[in-house]
Every structure is written in structure tokens, then in C-alpha cells.
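J.: Take a look at this one; I'll ask things after.
All of the numbers you see were taken from the coordinates with simple rules; none came from a lab. Everything numeric here is computed off the predicted structure, so don't read it as measured data. Every residue, glycine among them, receives a Cβ derived from its backbone with ideal geometry; neighbour counts consider all protein chains shown.
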Amino acid sequence: MTDYTGKKVIIRADRAGVFYGTLAAKEGAEVELTNCRRIHFWDGAASLSQLAKEGVTNPRSCHFTVTVDSIVVLGVIEIIPCTEDACKNIESVPVWKR
């Protein structure tokens, strides 16, 4: 199994949703991410795989939260490493908040 520790990834959790950040630690289905944003809605990518590879084409329509320093997510069912281009794109999406 590939170790993505220290890499920027997108994770999908069973009940917690989708997150983007740097993988700090993984133990079973529990991961710790640093510099993390929750991804509520994305526009301009057909899937999380495309999001991790290319980013989005409509960043102003996306709902990505503020960045938190650290988060532990339980029930992780998917970890996708992000390309450098996707990271730049995802990090440029404006913060969605109310």
C-alpha cells in the first residue's frame, strides 16, 4: 500500500464528507489532515478523481470551507493523492462561508 503521509490528498469519509489537506497520519480508517478544507460542493469536475488530478473549472461556484489547522476524520473510505496543478487550483477556490 502506498504511503501518502506528507502529501496533499482528497479524502472521502463514510459519513463526514469530503476533505482536502495534507495527510499527517493514518491509522486504519482514521486520518489526521493538516491545513484542511471541507469540500461541500464542487463545480467543474465530474468526480473526486478528476478534482484530485485537475482541480475545478468553475471555482467561484464551489463551496470549500475555511482552512483549519488540523482535523481527525473517522470512517475514511478513499484517499486520493492530488497533483501539483490540482493543489494550486483547489487552494485558489474562494472561501465559502456565511
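J.: Just checking, does segment 48-71 include any residue being crowded, with 17+ Cβ neighbours inside 10 Å, assigned to a strand (DSSP E or B) and touching a residue at least 40 places away in the same chain (Cβ under 8 Å)?
T.: Yes, because at least one residue in segment 48-71 is crowded, with 17+ Cβ neighbours inside 10 Å, assigned to a strand (DSSP E or B) and touching a residue at least 40 places away in the same chain (Cβ under 8 Å).
J.: How many of the residues making up segment 1-32 are under 15 Å from Thr83 (Cα atoms) and either touching a helix residue (DSSP H, G or I) at 6+ places or on another chain (Cβ under 6 Å) or surrounded by 12 or more Cβ atoms within 10 Å (Cβ to Cβ) (or both)? Explain how you work it out, then say what you get.
T.: Residues of segment 1-32 that are under 15 Å from Thr83 (Cα atoms), as a first pass: 4-11, 20-23.
Those left that are additionally either touching a helix residue (DSSP H, G or I) at 6+ places or on another chain (Cβ under 6 Å) or surrounded by 12 or more Cβ atoms within 10 Å (Cβ to Cβ) (or both): 4-5, 7-11, 20-23.
Of the residues in that region, 11 qualify.
J.: Taking segment 32-57 as the search range and keeping residues that are over 12 Å from the mean Cα position of the chain (by Cα) and among the aliphatic types (A, V, I, L, M), which one is nearest to Arg98 (Cα to Cα)?
T.: Val56
J.: Moving to a separate point now. Mind counting the residues in segment 33-47 that are assigned to a loop (DSSP other than H, G, I, E, B) and either crowded, with 17+ Cβ neighbours inside 10 Å or in contact with a helix residue (DSSP H, G or I) (Cβ under 9 Å, 6 or more places away or on another chain) (or both)?
T.: Just the residues of segment 33-47 that are assigned to a loop (DSSP other than H, G, I, E, B), to begin with: 42-47.
Those still in the list that are either crowded, with 17+ Cβ neighbours inside 10 Å or in contact with a helix residue (DSSP H, G or I) (Cβ under 9 Å, 6 or more places away or on another chain) (or both) too: 42-45.
Total meeting the criteria: 4.
J.: Output the residues belonging to segment 1-32 that are aliphatic (A, V, I, L, M) and in a loop (DSSP other than H, G, I, E, B).
T.: Kept after step one, since they are aliphatic (A, V, I, L, M), are these residues of segment 1-32: 1, 9-11, 13, 16, 18, 23-25, 29, 31.
Matches in segment 1-32: Met1, Ala16, Ala29.
J.: To continue, here is another question. Looking at Glu84 and the list (1) buried (at least 17 other Cβ atoms within 10 Å of the Cβ); (2) free of Cβ contacts under 8 Å to residues at least 40 places away in the same chain, which single condition is not satisfied?
T.: That leaves (1) as the condition not met.
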